[in-house]
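Data block below; observations after.
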Amino acid sequence: MRLHRLDITAFGPFGASQSVDFDDLSAAGLFLLHGPTGAGKTSVLDAVCYALYGSVPGARQVGSGQGMTLRSDHAAAGTRTEVRLELTVAGRRLEITRQPPWERPKLRGRGTTVDKAQTWLREYDATAGTWRDLSRSHQEIGEEVTQLLGMSREQFCQVVLLPQGDFARFLRADAEARGKLLGRLFDTRRFAEVEKHLAERRRATETRVREGDAALLADAHRMQQAAGSAMELPELAPGEPGLAEAVLRAAAVARGTARELL
C-alpha cells in the first residue's frame, strides 16, 4: 500500500481544510511526523484509518456517535467534516472519501438536522486518464478495502499505524494470533509448507526408528534366553533415546561373561 494524498476538512483539531502530499514527503525515502502536543499528529493517522475503515484506532473509537466527536470544534457551522484519501493498493489507484454524520443548521427555519454518513470509492483509469466511480455503499467499500489490504481495522492499527503502545500489545499477543496476522501480511505459506514437509519427515523417521528398536529388542530377548542371568536388558521402550547403545553394552557384557564361563 502506498499513500499519495490526504485531504481533511473540519476533522479533529483542523477547523479548515488541510492537505498532506505523501508523494512529496516520500521523495526522500523517509519522513517524520512531528509537532507539539495537540498539533494534530495523531489526527492525521486517525484520518488515514477513518478513510480506509470508517472508524478510528483503539480508544478513540467511540461507537455510533463517533462522527460527531470526529468533527472539529473549530469548524464553521456550515462546513461539513470530510476525509479524502488517495492511495495505491494491489496495483490499483483508489480514492476513498468519507463524510461522517453531520449535525448541521436547517436550511429553513431554526434548529439543526442530522445528515447521514456518506462514502465514495473511485478508481483511476490510467488509459482514459479519468476517475471512475465504483461504489457509494459503506458495506461494499469496507469489504473491498479489507480484502485489498488483507487486514481488519484492528490489525491495521496494530501493525501499520502502531499508535501509542498498540504495537506492544501486538508483541504480547499469543503466538497463534501473531502467526495468523504475519502470515497474511507477508505470505508465509512457503515457510508453512517447509515446516509441514519437515514434520512429515520427522514422523516418518520416528516410525522407522521405533520399528528398528522393536526388531532389536526382539533379537535381544532371544539372546537373553540363551545367556540367562548374564544379560540384563535396559528398561527402555522402542523409540526412546539410547536404546541401541544400551542393548549393545548388555550384549558385550553377556559375551564377556560367556567367555569366562567357557
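The values are calculated or read from the model by the stated rules, or taken from the named source; none is laboratory data. Keep in mind it's a predicted model, so treat the numbers as computed, not measured. Neighbour counts run over all protein chains shown; Cβ positions are idealised from the backbone, glycine included. Quick note on the areas: whole protein, heavy atoms, side chains included, nothing else; ligands and nucleic acids left out. Shrake-Rupley method; radii C 1.70, N 1.55, O 1.52, S 1.80 Å.
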(request) Test residue 45 against the criterion of being part of a strand (DSSP E or B), under 18 Å from residue 88 (Cα atoms) and touching a helix residue (DSSP H, G or I) at 6+ places or on another chain (Cβ under 8 Å), and give yes or no. (result) no
(request) Scan the stretch 1-27 residue by residue and report those that are modelled with pLDDT of 90 or more, outside any helix (DSSP H, G or I) and surrounded by 15 or more Cβ atoms within 10 Å (Cβ to Cβ). (result) 3, 4, 5, 6, 7, 8, 9, 10, 11, 18, 20
(request) Of the numbered conditions (1) more than 30 Å from residue 57 (Cβ to Cβ); (2) surrounded by 12 or more Cβ atoms within 10 Å (Cβ to Cβ); (3) modelled with pLDDT of 80 or more, residue 252 fails exactly one; give the number of that condition. (result) (2)
(request) Take the stretch 123-136 and flag every residue that is open to solvent by 70 Å² or more (accessible area, probe 1.4 Å), assigned to a strand (DSSP E or B) and touching a residue at least 24 places away in the same chain (Cβ under 8 Å). (result) 124, 131
(message) Looking at residue 30 and the list (1) open to solvent by 40 Å² or more (accessible area, probe 1.4 Å); (2) part of a strand (DSSP E or B); (3) of a type outside the set (Val, Ile, Thr), which single condition is not satisfied?
(response) (2)
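Matching residues to (1) on the phi > 0 side of the Ramachandran plot; (2) at pLDDT 85 or above; (3) of a type in the set (Asp, Glu):
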{"site": "125", "(1), (2), (3)": "no, yes, yes"}
{"site": "128", "(1), (2), (3)": "no, yes, no"}
{"site": "136", "(1), (2), (3)": "no, yes, no"}
{"site": "142", "(1), (2), (3)": "no, yes, no"}
{"site": "156", "(1), (2), (3)": "no, no, no"}
{"site": "162", "(1), (2), (3)": "yes, no, no"}
{"site": "170", "(1), (2), (3)": "no, no, no"}
{"site": "174", "(1), (2), (3)": "no, no, yes"}
(request) Collect the residues in the stretch 48-59 that are part of a helix (DSSP H, G or I) and either at pLDDT 85 or above or within 24 Å of residue 95 (Cβ to Cβ) (or both), keeping them in residue-number order. (result) 48, 49, 50, 51, 52, 53
(message) With the requirement that a residue be among the hydrophobic types (A, V, I, L, M, F, W, C) and either modelled with pLDDT under 95 or surrounded by fewer than 18 Cβ atoms within 10 Å (Cβ to Cβ) (or both), what does the stretch 95-108 give you?
(response) 102, 107
